[in-house]
Structure formats: structure tokens, C-alpha cells
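Written out below as C-alpha cells is the structure these notes cover.
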Amino acid sequence: MTKAARFAAFFIAIVAGPVEKLSTFLRLARHHREVTFGLLALAIFLSPLYLNAQADCLACHGDKSMQDASGNSISVDGDKFHASIHGSLQCSNCHADIKEYPHPDDVAKVDCKSCHAEEASKLANSVHSSSKEHPCTSCHGNAHEIFPKTDARSAVYPLNVPKTCGQCHSDGAMATKKGLPSVYTHYMDSIHGFALSKEGLLVAANCQSCHGSHGILSHKDPASPTYKANIPKTCGTCHAKINDDYQAGAHGHAVASGNLKAPVCTDCHTAHAILQPTESEFRMQSTPICGSCHKEKLSTYRDTFHSQLGSLGGYVETARCWDCHGAHEIYPASDPRSPINKANLVKTCGRCHAGANLSFVQYQPHANAHDRHLNPALYYVRLFMNLLLASVLTFFLIHTILWLIRSRFDQVRRKSANGGKDA
């Protein structure tokens, strides 16, 4: 690098650096007067051009009522533009086809990928690849008023992301046209939506946390973070301990081995309408959720005191599946770590039933009265009771029919004894 080039680089650093380095610059300037004066002259010459490039455009486009031939607004708020992330650019950096004034009415559309190539590449392979229906401004807002994602004014600031996505993924024209489910309202009513909108927790999961930003893929794509096999990892970015428990359990092992019929987070908690697990609504629906896979166990549970108490009285304190089996770290009954292992039953039942002992835990929570080999005593008792009930009902049915016949016979006989007249 030449002496002049090194000095030019130092000059740029000095201009952009702290004021206290000015003395160093002046000291060097005395030894390189020609280069110094040349750079100063260049800076003085270019500064008005840079400033005028925006000022000249805003002379017309600063008018709030300015519209194009189609009636679309083409006005620019100068104050917001200067404060935006693009405020340091010249208009021609984006509107590259405009070389002079007056410019043609029809100008080329701005190509964002000329600067944002990586984001454009991801977008091209995403579900939002149709630029006509999903231009950059759909999410980021007015191109002249785009702020960093860390700025509360930004459309992609964490608190604003649900509303931005909800413009399409809610009840509206785009949702109707594309057949998109209305998920915005479900999310806002969920535990994540409440934490974000009511509590203002920026760490609460929003749309981008799970789906990504530019490279959003279909949930059917194995590379998508919302693909079923990837969901535990996606949720685990926030719920790390729960993910560890899940991965160690029977469900996690099944999914890891390629069994996509095994449940993941969204099968039990749903994707958008996620409730607080301690809420009564979630507890009341948790048993049918487990029963959607474990149908046989659900049918036997419904015959038990636990289920009938909950169904008749709506008691949320009644034992549900996860109270006994665990919620995430679920193991087979044969595993010593399982809460329903024989060695752990007294402790498990004792959580609700103080004083539970070995005799108490002989209770069968999934006893099947229809299985003679598994529960012979219950099977025969049920059979006896059903036969007894059938016999009693049959006896009284026959008795009632005979009583009616006898009553009718007596009525006819009395008529005959009175000469055809009633007594």
C-alpha cells in the first residue's frame, strides 16, 4: 500500500472516529499537506452532493398529497426516512434507473436483493417465494420508514411480529385466497401471546421464533423447524429442561427412532392455542388428548372412580394421565425411573392420597372388566352382576305381562257376570 493510500485510510478512520484523535490527524497533516488538502477538498465537494441528492427528491416527494398516475401515494416523510435504517443512503442507491430529473413516470421497482442477497436467497426457497404477493414491504413496512428489528417502531420488533404476520394469517383476503388457517387470534389468546402482549416479555415465543424469518418452509418439509420431527428441538430453544426430559422419555425415543406417530409438543399443547398447563381447561382436556393415541387405556380409565368423579363434578384436582405417568419424562412401567413402577407406586399415589401403603396401591387404575385373563375376578363379578340384572328385569317383565293378561281376563269375566254391563 502506498503512503498516500495509507494516509487516505487513516483519514477515513479519523473522520469516523472520536474527536480526541483529531490532534493526531493534524500532526500528520503537517507532513502530508498535499494529500490532506486534496481529501478535504473532495469531502467538501461531495458532502453537498450527498445531501442534495435527498433534498432534491424530497422537494417533490415530501408533499404528502403526491400520487402517481394510478392514484397510489408516492410521498415520503423526510423526517422518518432520515431516522430509518435507510436514511444514510441516497435515493438513487435503490432507485438505480433514475439518472436525471425530471424522471419518467414509470420507474423500475426497487430490487432489495441488490443489497440483501442472502435474505433474498432464503426468501426465494420459502413459502413466501411469490414476490408479487409477498414483497419485502409486506413484513418490513414502508421502505422509507424501515427501522432495525431492535427498534420498537419496527414492524419486525418482537412485540410487533404477531400483528405483522396476522395481516395475512388471520381473517382476511389473503387468508381466504390461500386457504390459510386463522391463527392470529389463537396465538394472542395463548400463553405465548399473553406473555408477549400483556407482560411485554420480549423472550416470549412469537411467529419468527418457531417459523424463522426469511427462509420459512412448509411444515411438511423435513428442513422446516416446524416439521414434526424437528418440533421438540424448536420448542427446546426456549424450554431446554423440558426438551431434555422429553428426549429421555418413551415419546422422545420413539420420534428419534423415526416413529412420527409418536407425540411431539404440538400434539399435546397444540401449535398456536397453547394453554397454561395449570389451567382447568387444559387439565379437563388432557385425558382425551392422551386418549387420542392410547384409546384402550382411555376406555378403561373412563370406568374408574378418577374419571367418573371428574366427568360428573368437573373436578380439576382428579388424577389425570400425566399426574401418574408424568408429563414429559415418560417411561414404561418396567423402567425403575417410572412413577408407575411397582417400587414407586406408594410415593406416586401418596401425592394425592396421604397414608397410601402397599395395600392401597393394589388398586387397578386401568382395570378391564372385559378381559378375563387380565382381571378374572372383575370379569366374573361383572358377568354375575349383568346376569343378575338381566334376570331381575326379565322376571319383572314377564310378571308385568302376566299381570296385564290376568287383569284383562278378570275384566271380561266381570262383564259376563253382569249381563254385559260393567260392575
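The values are calculated or read from the model by the stated rules, or taken from the named source; none is laboratory data. If you're wondering where the values come from, they're calculated on a predicted model, not measured in any experiment. Ideal geometry is used to build each Cβ from the backbone, glycine not excepted, and the neighbour counts take in all protein chains shown. Each accessible area value is taken on the protein alone, full model and side chains, heavy atoms only, with ligands, DNA and RNA left out. Shrake-Rupley method; radii C 1.70, N 1.55, O 1.52, S 1.80 Å.
Tabulated data for the structure shown
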{"quantity": "Residues (assigned to a loop (DSSP other than H, G, I, E, B) and either open to solvent by less than 80 Å² (accessible area, probe 1.4 Å) or over 18 Å from ASP267 (Cα atoms) (or both)) located in the range 294-323", "calculated": "ARG302, ASP303, THR304, GLY314, TYR315, VAL316, GLU317, THR318, ALA319, ARG320"}
{"quantity": "Selection from the range 244-270 of residues that are touching a residue at least 12 places away in the same chain (Cβ under 8 Å) and assigned to a helix (DSSP H, G or I)", "calculated": "ASP245, TYR246, GLN247, ALA248, ALA250, HIS251, GLY252, VAL255, CYS265, THR266, ASP267, CYS268"}
{"quantity": "Failed item, numbered, when ALA273 is tested on (1) in a helix (DSSP H, G or I); (2) within 17 Å of the chain's Cα centre (by Cα); (3) closer than 26 Å to GLY326 by Cα", "calculated": "(1)"}
{"quantity": "The range 324-345 residues that are open to solvent by 30 Å² or more (accessible area, probe 1.4 Å), paired with ones that are hydroxyl-bearing (Ser, Thr, Tyr) and in a loop (DSSP other than H, G, I, E, B) (beta carbon under 7 Å, 6 or more apart)", "calculated": "PRO332/SER338; ARG337/TYR331; ASN344/SER338"}
{"quantity": "Unique residue being basic (Lys, Arg) and at pLDDT below 50 when the list is LYS99, LYS80, LYS64, LYS3", "calculated": "LYS3"}
{"quantity": "Number of the exception - SER121 against (1) at pLDDT 90 or above; (2) under 25 Å from TYR184 (Cα atoms); (3) open to solvent by 60 Å² or more (accessible area, probe 1.4 Å)", "calculated": "(2)"}
{"quantity": "Selection within the range 222-243 - open to solvent by 50 Å² or more (accessible area, probe 1.4 Å) and not in a helix (DSSP H, G or I)", "calculated": "PRO222, ALA223, TYR227, THR237, CYS238, HIS239"}
{"quantity": "Any pair with Cβ under 8 angstrom, 6 or more apart, that starts in the range 116-129 at a residue that is closer than 8 Å to HIS214 by Cα and ends at one that is open to solvent by 70 Å² or more (accessible area, probe 1.4 Å) and part of a loop (DSSP other than H, G, I, E, B)", "calculated": "LEU123/SER131"}
{"quantity": "Where a residue in the range 347-371 is on the phi > 0 side of the Ramachandran plot and its partner, wherever it lies, is surrounded by 15 or more Cβ atoms within 10 Å (Cβ to Cβ) and of a type outside the set (Phe, Trp, Tyr), with Cβ under 8 Å and at least six apart", "calculated": "none"}
{"quantity": "Qualifying positions in the range 131-145 - in a loop (DSSP other than H, G, I, E, B) and more than 11 Å from MET174 (Cβ to Cβ)", "calculated": "SER131, LYS132, PRO135, GLY141, ASN142"}
